[in-house]
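First the structure, in the form of structure tokens, and then the observations on it.
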Amino acid sequence: MQNLLQNKTFLVAGAGGLLGTRLVAAILEQGAKVIAADINVESMETRLRSLGVDPTNEKLSLVSLDVTNETSVKSFFLTDLKIDGAVNTTYPRNKTYGSHFFDVTLESFNENLSLHLGSMFLFTQQCAKYFTQCQTPFSLVNISSIYGVVAPKFDIYNNTKMTMPVEYAAIKSATLHLNKYTVAYVNDSRFRINCVSPGGIFDHQPEPFLEAYKSHTHGAGMLDVTEIIGSVLFLLSEQSRYVTGQNIIVDDGFSL
């Protein structure tokens, strides 16, 4: 599986995040060039360095991109891009995101949909437009979630202050259909969009939650973020040439 992406170039949006930074490293290891985009370039560079990624690598470009800003995104795609695909790992949200269901205001709900799903639409739209202009094979991977597929298991949040945000469920389920809409609209086998839907990713959550979550899996519990990488690489590669509009769930049986 080494050098799956040799001689290709990929854009990673949200490249300073938990998943994005590791994707940058993994794509580089597969022999591809990476345009790493994030709203905070300085923070992205620091996190990449912490993973052993050299920001001066000639195959790596660090760029600023605000996916919630229409002018920023459209201007970015009008530059002299030569990319074979993209991964959108961004996760924009407002300050009240994560409130319990009855505490979520309509204003906050709408704002989070605008920030996250709206930016997902904008990025996906511009990738499609890029393809129609360049007419070269393109693979886009969007990140959904198991909670875009199944209802939350609220019992795992007992004894914690956590919840499963209603906005998240709405956004991630809509992402799956946005993909299908877009590939059906473009209607060209050279242009593909797919999703990876992770289960819970370990990020130092409270122990009661970790134990409860693990009881719903086949034994792995919360996954390390690196467990998601292989599915993304597969979808970017020629090995998935005719896989389109699909969703790969990586959750050790949580959603069964």
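Over the chain, what is the mean sequence separation of C-alpha contacts under 8 Å (at least six apart), divided by residue count, expressed as relative contact order in percent?
18 percent
Just to check I understand the Karplus step: with θ = phi - 60° and J = 6.51 cos²θ - 1.76 cosθ + 1.60, what whole-Hz values come out for region 42-47, glycine and proline as x?
Using θ = phi - 60°, the values come out as 4, 5, 4, 4, 4, 5 Hz.
Could you list PHE102, PHE77, PHE191 in order of exposure, starting from the residue whose Cβ has the fewest other Cβ atoms within 10 Å?
Sorted ascending by nearby Cβ count, the order is PHE102, PHE77, PHE191.
Name the long-range amide H neighbours of ILE248: under 5 Å, sequence gap of 5 or more, or other chain; modelled H, no Pro or chain starts.
CYS195, VAL196, SER197
Using amide H atoms built 1.01 Å from N in the peptide plane, name the residues 5+ places from SER99, or on other chains, whose amide H lies under 5 Å from its own.
Hits under the 5 Å cutoff: none.
If you rank ASP188, ASP84, ASP155 by fewest surrounding Cβ atoms within 10 Å, what's the result?
Ordered from fewest to most neighbouring Cβ atoms within 10 Å, ASP188, ASP84, ASP155 come out as ASP155, ASP188, ASP84.
Go through LYS172/LYS214; LYS59/LYS95; LYS95/LYS172; LYS95/LYS129; LYS74/LYS172 and tell me which ones have a Cα-Cα distance over 25 Å in this structure.
Details: LYS172/LYS214 22 Å; LYS59/LYS95 36 Å; LYS95/LYS172 19 Å; LYS95/LYS129 32 Å; LYS74/LYS172 23 Å.
Check vs 25 Å cut-off fails for LYS59/LYS95; LYS95/LYS129.
Identify the GluC sites (Glu not before Pro) of region 15-94 meeting these criteria: DSSP loop state and at most 16 other C-beta atoms within 10 Å of the C-beta.
For GluC sites (Glu not before Pro) across region 15-94 that sit outside H, G, I, E and B with at most 16 neighbouring Cβ atoms in 10 Å, the list reads GLU58.
Report, ordered by chain and residue number, the aspartates and glutamates lying within cross-link reach of LYS33, taken as a straight Cα distance under 18 Å and ignoring same-chain residues fewer than 8 apart.
The reachable aspartates and glutamates, counting only those whose Cα sits under 18 Å from LYS33, are GLU45, ASP54, GLU58, ASP80, ASP84, GLU238.
Seen from all sides and averaged, what is the projected area of the convex hull of the Cα atoms in region 19-174, in nm²?
11.1 nm²
Just rank ASP80, ASP251, ASP54, ASP203, fewest to most, by other beta-carbon atoms within 10 angstrom.
ASP80, ASP203, ASP54, ASP251
Just the Cα atoms of region 105-228, one point each, no solvent: what log10 I(q)/I(0) does Debye give at q = 0.09, 0.15, 0.16 Å⁻¹?
With no solvent term, the Cα-only Debye profile gives -0.33, -0.80, -0.87.
Within 13 Å, Cβ to Cβ, of ILE201, how many net charges do the neighbouring residues add up to if Lys/Arg are +1 and Asp/Glu are -1?
Result for the local shell: -4.
No value in this document is a laboratory result; all are computed from the given coordinates. Keep in mind it's a predicted model, so treat the numbers as computed, not measured. We place every Cβ from the backbone using ideal geometry, glycine too, and count neighbours over all the protein chains shown.
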